[in-house]
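Data first, discussion second: the structure below is written as structure tokens.
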Amino acid sequence: MNRRLCLILAAAASPSAAWAHDDSRPTLSDPDNRPILLTRDVEPGAAQALRQSTPQVSPLLFLNRCPGGCQVSAGDNDARTNSSTIPDEDAELSEFEHSDAVWDATVACVREVFEPYGVEVVTENPGGQSHHAAVVAGTADELGIELPPDTQGEIGGVAPLANDCRPLDNVMSFTFANTLQDNPIDLCWTIAHEAGHAYGLEHVNACADPMTYLPGCGTKYFRDEELPCGEFEERDCQCGGTTQNSHAHLTRVLGEGTPPEPPEVQILNLEADTEVADGEPVTFEARHPRGISRVTLEVNGTEYQERSGNDFDEGDSYQITLPQHPDGVLEIEAVAYNDLGIAGSDEVTVQKGEPCTSHEQCFAGMECDDGACRFPEPFLEAGEPCEHDRECVSGLCPAAGDERYCSERCDLRASADGCPSGLECVEADDNELGACWPEGALGGCGGCAAGRGGASFPTLVLSLALLCAYGLGRRRRQRTAERGAPAGARGA
């Protein structure tokens, strides 16, 4: 069964001043003058059913500007022969009407958005090779698609979406570039949005992801976050659950690509070898094209403070105060993470009072090392018994009664909570962020149920306030290093 779903797409970002636009054309950036995007549900078919257990698709994403025009045949989906189930009869699309500069900027943007995945964005026709063909040309009228009833405006794009959200191989999606203004950000978003449908993604109600209809957030990237499904309101997902992780889905379907560069970080108000005191602010800037997910402050290798990244319109500036700390040399490091957990940092060495000369001058559990009081390197992984937070690689050693285990954060909303084997996601602090805890360890707590979706053990919930204070900075940065991304600050 085929059916069309039509929804109005909201603004993506303000058009760049570098591009002169034809104001007679609709733009995704104007809420009062925006095109409509369509999806057509399709039955995956026998060939696609074979891919259900290993839903890999071709690693080629062909951006086709239709030089001289494109012939599109009505029929089964087959990008190799320009055949699609979307038009009702054969059609011809006019070639991309905008400038070469707009095309080049659009292609560069699409490559950046798909860089983390095992897909190659090409502009030369792969011919007989299996591929996804993203047509960036023509108009909906040329393809024979009429505006849905009770709507106004123009159609900006259309793509097939499997009715079970299975990725479709060797299909075509359409971005009607000759309907849209010559804004590379808008064109890039539409291409990613429509290709995302073909890869099995549905809509999310979050402006920073390409699968959204919501305005703002500049260039949109597939997010490594559990985002609520929906268009202008949250709803249950079409293929189960209430959230979608676009990045995780595309990684499963396309494989891993090249991680982006780490965030760029700069401490602004401290200089090397200056004197500081407890409670002084550390002001720094952190920026990345994907935005900043969270920032932390570390002193002598230990993370003391964490806060969420700024919203899109709040700028790049952050301020975190220094914690109470023994006198001595202080290595202060401001760390910023993007949504993929890739970290960049800036560090400055300052001094508080006189350098330490013995362990007795430090806090309990610390050691004096070259004039600096510092905690030993953490060594316990999630699920191992612990006595205090500093022993755990994650920085989390919550307690439930007399039991203490190293823990990690987890997402109670996700279908796969992300906890290591043998651990389960347990509610923490009455929100959607939980903690990984040994399976069955709370089963004997006087009738309290443990695990995802169950009642949480009150003393565990109280102790997990540490989640907000310490986070997973050290563990995530270790994983980043394993993937080959530099730990220091680099240009974005």
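Every number here is computed from the coordinates shown, using simple stated rules; none is lab data. Keep in mind the model is a prediction, meaning the values are calculated, not measured. Virtual Cβ from ideal backbone geometry, glycine too; neighbours counted across all protein chains shown.
Computed from the C-beta positions of Asp76 and Ala101 and an R0 of 51 Å, the FRET efficiency is 0.90 to the nearest 0.05. With the simple spin-label model, which puts each label point 7 Å out from Cα in the Cβ direction, the Asp141 to Ser421 separation comes to 6.1 nm. Taking the Cα centre of each part, how many Å lie between segment 209-224 and segment 344-382? Each part's Cα centre sits 41 Å from the other's. A crude spin-label estimate for the pair Ser358 and Thr258, with each label 7 Å from Cα along the Cβ direction, gives 5.6 nm. All other residues whose Cβ lies under 11 angstrom from that of Phe96 are scored, Lys and Arg at +1 and Asp and Glu at -1, for a net of -3. Between Asp402 and Glu347, the distance separating the two model label sites (each 7 Å from Cα on the Cα→Cβ line) works out to 4.1 nm.
Going by how many other beta carbons lie within 10 Å of each one, how would you line up Ser358, Ser317, fewest first?
So the residues, fewest neighbours to most, are Ser358, Ser317.
Tally Lys/Arg at +1 and Asp/Glu at -1 over every other residue whose Cβ is under 12 Å from the Cβ of Val121; what's the total? All intermediate terms of the calculation are to be shown ahead of the outcome.
Numbers: positive: Arg111; negative: Glu112, Glu115, Glu120, Glu124.
Value of the local net charge: -3.
Using the count of nearby Cβ atoms within 10 Å as a rough guide to exposure, how do Asp209, Asp141 rank from fewest to most?
Numbers: Asp209 27, Asp141 15.
In increasing order of surrounding Cβ atoms, one gets Asp141, Asp209.
Can you figure out the FRET efficiency of Ala277 with Asp236, using R₀ = 41 Å and their beta-carbon distance, to the nearest 0.05? Mind showing how you got there, number by number?
Values: r = 52 Å, r/R0 = 1.28.
For R0 = 41 Å, the calculated efficiency reads 0.20.
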